[in-house]
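The values are calculated or read from the model by the stated rules, or taken from the named source; none is laboratory data. Given the structure is predicted, the values throughout are model-derived calculations rather than measurements. Heads up, the Cβs are rebuilt from the backbone with ideal geometry, glycines too, and the neighbour counts pull from every protein chain shown. Surface areas here come from the heavy atoms of the whole protein model, side chains and all, with no ligands, DNA or RNA. Shrake-Rupley method; radii C 1.70, N 1.55, O 1.52, S 1.80 Å.
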Amino acid sequence: GSSAGQAPVTATLNGVTGSSSLIVIQKTLIGISIDASTTIVKGSQKTYKATAIYSDETTQDVTNSVTWSSSNTEIVVFNSIDTSIKNLATGIATGTAIITASLNGVSGNSNLTVISPKLVSITVEAVGGNFIVKGTNKQLKATATFEDGSTLDVTDIAAWTSSDANAVMITTGIS
């Protein structure tokens, strides 16, 4: 049946009848399960799925029915690119945010950690060419390239060394 309450049931065969009464209860939403805690790279996205758990032990996909939220919108935001996709999280800064799916006062959550892209290479270049006159200074520049193709000037934070300290002396902070 579709309504809660008591429902009598009867079975008849060859003129013999038996009856009983069933108690019909409404299933209630008792929990929401969402994707496990995970890590993404800054600038990338994660599509979430939400599953409702009911008192009768059944489950139902409620991904498009829940309200999605981030505990820290400076790290993770929802609907930033396509507002029609409600379950799409975008990592906009490094850190961790708690992702929550809510429906009818019941919620489920997990952590989403946003990390910087993986460093894949560093390019070192000498400003003005790869030559230096003995006894003079030469400015060097280091540029990091990350797996997503982005680059960053790391000249001031890189550790500088020379394999031949007799030929080249590395000094930082000289203008």
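Some values worked out for this structure:
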| quantity | calculated |
| --- | --- |
| Selection from segment 57-75 of residues that are open to solvent by 80 Å² or more (accessible area, probe 1.4 Å) and within 30 Å of ALA7 (Cβ to Cβ) | GLU57, THR59, GLN60, ASP61 |
| Residues that are charged (D, E, K, R) and either surrounded by fewer than 17 Cβ atoms within 10 Å (Cβ to Cβ) or at positive phi (or both), drawn from segment 43-55 | LYS49 |
| GLY135, sole failed condition from (1) under 30 Å from ALA167 (Cβ atoms); (2) touching a residue at least 24 places away in the same chain (Cβ under 8 Å); (3) assigned to a loop (DSSP other than H, G, I, E, B) | (2) |
| ILE85 assigned to a loop (DSSP other than H, G, I, E, B), touching a strand residue (DSSP E or B) at 6+ places or on another chain (Cβ under 9 Å) and either within 22 Å of PRO117 (Cβ to Cβ) or open to solvent by 60 Å² or more (accessible area, probe 1.4 Å) (or both) | yes |
| Strands (runs of 3 or more DSSP E) wholly inside segment 24-63 containing at least 1 residues that are modelled with pLDDT of 95 or more and more than 30 Å from THR94 (Cβ to Cβ) | 29-34, 50-54, 59-61 |
| Test for LEU112: is it under 30 Å from LEU152 (Cα atoms), among the aliphatic types (A, V, I, L, M) and loosely packed, with under 13 Cβ neighbours inside 10 Å | no |
| Any chance ALA126 is over 23 Å from GLY43 (Cβ atoms), among the small types (Gly, Ala, Ser), open to solvent by less than 90 Å² (accessible area, probe 1.4 Å) and at pLDDT below 85 | no |
| Check on SER107, open to solvent by 50 Å² or more (accessible area, probe 1.4 Å) and either closer than 30 Å to VAL168 by Cα or in contact with a Ser or Thr (Cβ under 9 Å, 6 or more places away or on another chain) (or both) | yes |
| Search result, residues across segment 2-42 that are on the phi > 0 side of the Ramachandran plot and either among the aliphatic types (A, V, I, L, M) or surrounded by fewer than 10 Cβ atoms within 10 Å (Cβ to Cβ) (or both) | ASN14, GLY15 |
| Residue list for segment 140-174, restricted to those being more than 22 Å from GLY129 (Cβ to Cβ), open to solvent by 50 Å² or more (accessible area, probe 1.4 Å) and either in contact (Cβ under 8 Å) with a residue 12 or more places away in the chain or aromatic (Phe, Trp, Tyr) (or both) | GLU147, ASP148 |
| Residue check, ILE98 at pLDDT 95 or above, more than 30 Å from LYS118 (Cβ to Cβ) and not in a loop (DSSP other than H, G, I, E, B) | no |
